Amino acid sequence: MSARLVVDLERLARNLRRIRAQVSPATHMLVVKNDAYGHGLEPIVRRAHAEGVRWFGAFDAHTGARVRAILGDDVRIFVWILATDDDIRTAVAADLDLGVGDRDLLEDVARLGADARPRVHLKIDTGLHRNGVRPEEWPDAVARAAELHTAGSLAVEGVWSHIAEASDAEDDAARELFLAARETLDAAGLSPRFAHLAASAAGFGRPEFREDLVRIGAFAYGIRPAGGPGEDELGLEPIGRLEAEVVAVTGERAIVDVGSMHGLPTPVGGLISVGTPGGPARVIAVEPTRTILAAWPGATVGQPVAMWGADAPHSATDVAERLATIGEEIAVRVSPMVAREYE
Ligand SMILES: *Cc1c(COP(=O)(O)O)cnc(C)c1O
C-alpha cells in the first residue's frame, strides 16, 4: 500500500510565523487535538516547539500528557475535556492547565489535585452550549472558585470560552457575555492571568477577540474555513497532502492504491481532480482500496499522485466544500494505517 500523508514541516513553520505576526501581542496556543488534525502529534509539536510555540491546546488529558512527555517542562498545555477522575489525575500529574466548565468538575479538581494546586481556567458558556458555566450560574461558580483558590486547593489561572465563529453578530454577543464574566471574576478578587476565547477565524480576523491567548488549530495546518477567505488571502499554506502511487494503467484509466478505507471520501468520485506528473487528472470513482482516475499522457505505474492538499489541485477545504463539510473533517479522516511522512 503506497498511500501516505506527506507533511511539510517547513510550511508548518511558515504558518506558525504568520500566525504569530498576526495575533501578536497575544500568544498563539497551537491546538493539536485529533492527532494534530491528522498530521501526527509528535513531529508537529516538536517542530512547533523548535519554532518557539510554548502553549499547546491538547483537548484531552491523555494527549496533554503525551505532549508533556515529548516536550518536557518548558511548555504550558491546556486541556478541556476531563470526563473521569482518572483524567483529572492524569492531567494533574502531567502539570497541565485544566479547562473547567462546571461546578462538579471544579470540586473534583480541588479534591483530586489539592497537593499540586492545579491551574484552572474557568469556562463561561457564551452561547455554544457545549460545556461551560451558564451565565446565570457564573456568580456562584466564581464565589466557590474564589474559596478554593484562597484555600490553596487550586489556582484560578484563566478565564475562557469557545465561540461559533459563524457570524460576527453572534460572536459579538458572546464576547459581551465573556467580558461581563471577567468583571465578575475581578470583583471576586480573582484576576486570572490568561483570558482566551478565539480560535482560527476570529483570532485572525478580529483583533478585539485576541485577549492573551488565541487557540489556533486549523490555520496552523493551512486549513482555511469552508466558504471563507482563501489560503492566499490568509497567507497560509496547506502543510499535508494525501499521496499514492499509480498501480495500474489500462487504456483510458489509471489506478492509484488509496481508497475510502484509507480515508478518501467515496462521494468525491466525479467531483475533484488530483495532481499527477502529467497535470491534473479527473477522479472517476473512489473504491474501498483504490481510486480510478482518467489517465494522462505518459501515465506509468509507480508515479506519485497528490489526491488533495499541498501541491494538489484541491486543498482539504476544497474537497470539503464539494461535500458540504469542513476541511478538518477531510484531514482527520485519513486512516491511521496511512503512513505519515515528513519533509
Ligand atoms: C478545536 C478547537 C479550537 C481550534 O479551532 P480551529 O478553528 O481549528 O482553530 C479552539 N478551541 C477549542 C475549544 C477547540 O475545541
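The values are calculated or read from the model by the stated rules, or taken from the named source; none is laboratory data. A quick note: this is a predicted structure, and the numbers were derived from the prediction, not measured. Positions of Cβ are generated from backbone atoms using ideal geometry, with glycine treated the same way; all protein chains shown enter the neighbour counts. The protein model used for the area step is the full one, side chains on, heavy atoms only, and it has no ligands, DNA or RNA in it. Shrake-Rupley method; radii C 1.70, N 1.55, O 1.52, S 1.80 Å.
Values for this structure:
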quantity	calculated
F78 long-range amide H proximity, modeled H, under 5 Å	F56, G57, A58, D97
³J(HN,Hα) computed for each position of segment 170-187 - Karplus, 6.51 cos²θ - 1.76 cosθ + 1.60, integer Hz, glycine/proline x	5, 5, 4, 5, 4, 5, 4, 4, 4, 5, 5, 4, 5, 4, 4, 5, 4, 5
Charge sum, other residues only, whose C-beta stays under 12 Å from E165's C-beta, Lys/Arg counted +1 and Asp/Glu -1	-1
222 nm mean residue ellipticity, helices alone, for the chain (DSSP H n ≥ 4; -39,500 (n - 2.57); rounded to 500)	-10000 deg cm²/dmol
Mean separation of Cα contacts under 8 Å, 6 or more apart, over the residue count of the chain: relative contact order %	19 percent
Electrostatic dipole magnitude of the chain [Cβ: Lys, Arg +1; Asp, Glu -1; Cα centre; debye, to 20]	740 debye
Under the Karplus curve 6.51 cos²θ - 1.76 cosθ + 1.60, θ = phi - 60°, whole-Hz ³J(HN,Hα) for segment 16-24, x wherever Gly or Pro sits	5, 5, 4, 5, 4, 5, 6, 8, 4
Long-range HN-HN contacts of R340 with modeled amide H, under 5 Å	L5
Range of Cα positions in segment 1-134 per principal axis (Å), largest first	46, 34, 30
Size of electric dipole in segment 76-199: Cβ of Lys, Arg +1 and of Asp, Glu -1, about Cα centre, debye, nearest 20	400 debye
Rounded tilt (10° steps) of 61-71 against the dominant C-alpha axis of the chain	80 degrees
When the convex hull of its Cα atoms is projected in every direction, mean area for segment 275-326 (nm²)	4.0 nm²
Kirkwood estimate for the chain, i.e. one over the average of 1/r between Cα atoms, Å	21.3 Å
Under Karplus coefficients 6.51, -1.76 and 1.60, residue-wise ³J(HN,Hα) of segment 325-332 in Hz, glycine/proline x	10, 10, x, 4, 5, 6, 5, 6
Long-range amide H partners of R119 with built H, under 5 Å	L98, A155
For segment 43-172: relative contact order, % (alpha-carbon pairs under 8 angstrom, 6 or more apart)	18 percent
Sulfur and carbon atoms: percent of accessible area, segment 1-127 [1.4 Å]	45 percent
Solvent-accessible surface ranking, highest first, for H49, H121 at 1.4 angstrom	H49, H121
Gaussian network model of the chain, springs between alpha carbon atoms under 10 Å - residue of P265, P118, P297 with greatest fluctuation	P297
